[in-house]
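**Student:** Structure incoming, see below.
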Amino acid sequence: KGLIELRNVDFIYPNGNKALKDISMQIKPNEITALIGLSGAGKSTVLNLLDKFYEPTNGNIFLDGVDLKDFNTDFLRKNVGLVLQKNHIFKGSIAENILYGSEEKTFDDVIEASKKAFIHDQIIELPKGYETAANLLSGGQQQRIAIARIFLKNPAIIFLDEPTANLDAIATEQIKRSLDEIKKDRTVIIISHSISQIIDASNIIVMDSGKVSEHGTHEDLFNKK
Ligand code: ADP
Ligand code: ADP
């Protein structure tokens, strides 16, 4: 469960930008799929289609064989966890931000999720702890709040857009470890403009100018001659 398939997908923005040109790809559960490519390659557009924020201009996207068009958006939002580059924190406390989208969770659950996202120690040092306004945190801390939210919500499908973009080397390593734990029984897609960020991915899709230019394992792509 959690197999995503794009078949011959085109996407043209309302202003006429052709962002995706006849893209096909398969994204399997139980592994990390990395979507890499230069800025403007179309990576974020793919995520926006998977999240049903946009619909393909042509072609189809299937989740476990069912066309995404036939899914209701609420169902999708419940089962998909997103970590985006921007706008993943809203007004409210850290605790409220971590709880967002989860039902029937306790404060202990919030703490456990924060520990897994390697942010708990920093939160408890704040004067108001978990009651601190989340927008007072740094960019990297906010990203980890979004990751903690995913640990709590436990969605079957997880999309991460440059989740370690604002983090230092140590935090990046910590987040990679959290992600490694998260991938079991899940479909994880992680966007990066840099291969060094996603060295652990088992499935790498390289995009270039709205197309898939390469697809394979790390070995396939870098050890071939
Ligand atoms: P990325 O780091 O993914 O390359 P960008 O800085 O290119 O992000 O874009 C940031 C946001 O601005 C995107 O989410 C996209 O929706 C929007 N955007 C990018 N290019 C355009 C454009 N040509 N016209 C309108 N909006 C755009
Ligand atoms: P990436 O995430 O790989 O940086 P994007 O998916 O953001 O690439 O962008 C792919 C192409 O679509 C780029 O040419 C970008 O300028 C364009 N684009 C992105 N968002 C918008 C938008 N909202 N409106 C118009 N064009 C956009």
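The values are calculated or read from the model by the stated rules, or taken from the named source; none is laboratory data. Note that the coordinates shown come from a computational prediction; the quantities given were computed from them, not determined experimentally. Heads up, the Cβs are rebuilt from the backbone with ideal geometry, glycines too, and the neighbour counts pull from every protein chain shown. We work out accessible area using only protein heavy atoms, side chains counted, and drop any ligands, DNA or RNA first. Shrake-Rupley method; radii C 1.70, N 1.55, O 1.52, S 1.80 Å.
**Student:** Over the chain, with a Gaussian network built from C-alpha contacts below 10 Å, which listed residue (Gln174, Gln142, Gln122) shows the highest mean-square fluctuation?
**Tutor:** Checking each option, the largest mean-square fluctuation is seen for Gln122.
**Student:** Same structure again: Can you give me the % of accessible surface on the chain that is carbon or sulfur? Probe 1.4 Å, all protein chains present, nothing else counted. Walk me through the numbers on the way to the answer.
**Tutor:** Values: 5610 of 11670 Å².
Result for the chain: 48 percent of the exposed heavy-atom area is carbon or sulfur.
**Student:** Efficiency by 1/(1 + (r/R0)^6): what FRET value for His215 and Lys115, r their Cβ-Cβ distance, R0 = 41 Å, to the nearest 0.05? Working shown, then result.
**Tutor:** On the way: r = 36 Å, r/R0 = 0.87.
FRET efficiency, His215 to Lys115: 0.70.
**Student:** So between Lys184 and Leu3, what do we pick up on full extension, going 0.36 nm a residue minus the alpha carbon distance? Walk me through the numbers before you get to the answer.
**Tutor:** Working: separation 181, 0.36 × 181 = 65.16 nm, distance 1.36 nm.
63.8 nm is the gain from fully extending Lys184 to Leu3.
**Student:** In Å, the Kirkwood hydrodynamic radius of the chain over pairs of distinct alpha carbons? Provide the component values of the computation, followed by the final result.
**Tutor:** Working: mean 1/r = 0.0554 Å⁻¹.
After inverting the mean inverse Cα-Cα distance, the result is 18.1 Å.
**Student:** By DSSP, what percent of the beta bridges with both residues in the stretch 139-225 are antiparallel, rounded to the nearest 5? Spell out each step's value before the answer.
**Tutor:** Values: 5 of 10 bridges.
Percent antiparallel among DSSP bridges in the stretch 139-225 is about 50.
**Student:** For the chain, what are the DSSP H helices with axial Cα length of 15 Å or more and mean Kyte-Doolittle hydropathy of at least -0.5? Intermediate results must be reported in sequence, preceding the final value.
**Tutor:** Values: long enough: 139-153 (21 Å, -0.03); 169-182 (20 Å, -0.21).
Counting only whole DSSP H runs, the qualifying helices are 139-153, 169-182.
**Student:** What figure in square angstrom, to the nearest 10, would you give for the accessible area of Tyr100 with a 1.4 Å probe?
**Tutor:** We get 130 Å² for Tyr100.
**Student:** If you count only protein heavy atoms and use a 1.4 Å probe, how large is the accessible surface of Phe222, to the nearest 10 Å²?
**Tutor:** The value for Phe222 is about 100 Å².
**Student:** Could you provide, to the nearest whole Å², the per residue accessible area of the chain with probe 1.4 Å? Please report the intermediate quantities before stating the final value.
**Tutor:** Details: 11670 Å² over 225 residues.
It amounts to 52 Å² per residue over the chain.
**Student:** Too long at a 31 Å Cα-Cα cut-off: which of Lys128/Lys184; Lys1/Lys176; Lys18/Lys91; Lys52/Lys91?
**Tutor:** Working: Lys128/Lys184 34 Å; Lys1/Lys176 23 Å; Lys18/Lys91 35 Å; Lys52/Lys91 24 Å.
Pairs exceeding the cut-off: Lys128/Lys184; Lys18/Lys91.
**Student:** Based on the Kirkwood radius over alpha-carbon pairs, what is the Stokes-Einstein translational diffusion coefficient of the stretch 1-85 at 25 °C with 0.890 mPa s viscosity, in µm²/s? Let's see the in-between values first.
**Tutor:** Working: Rh = 13.4 Å.
D, rounded to a whole number, is 182 µm²/s.
**Student:** Only bridges whose two residues both fall in the chain count here: according to DSSP, what percent of them are antiparallel, nearest 5?
**Tutor:** Values: 19 of 38 bridges.
Here the share of antiparallel DSSP bridges comes out near 50 percent.
**Student:** Taking only C-alpha pairs under 8 Å that are 6+ residues apart, what is the relative contact order of the chain in percent? Walk me through the numbers on the way to the answer.
**Tutor:** Working: 424 pairs, mean separation 68.9, N = 225.
Reported as a whole number, the value is 31 percent.
**Student:** Based solely on its DSSP helices, what 222 nm [θ] is calculated for the chain when runs of n ≥ 4 H residues each add -39,500 (n - 2.57) and the sum is averaged over all residues, nearest 500 deg cm²/dmol? Before the final figure, lay out the partial values.
**Tutor:** On the way: 8 runs with 70 residues, N = 225.
Using -39500 (n - 2.57) per qualifying helix, the result is -8500 deg cm²/dmol.
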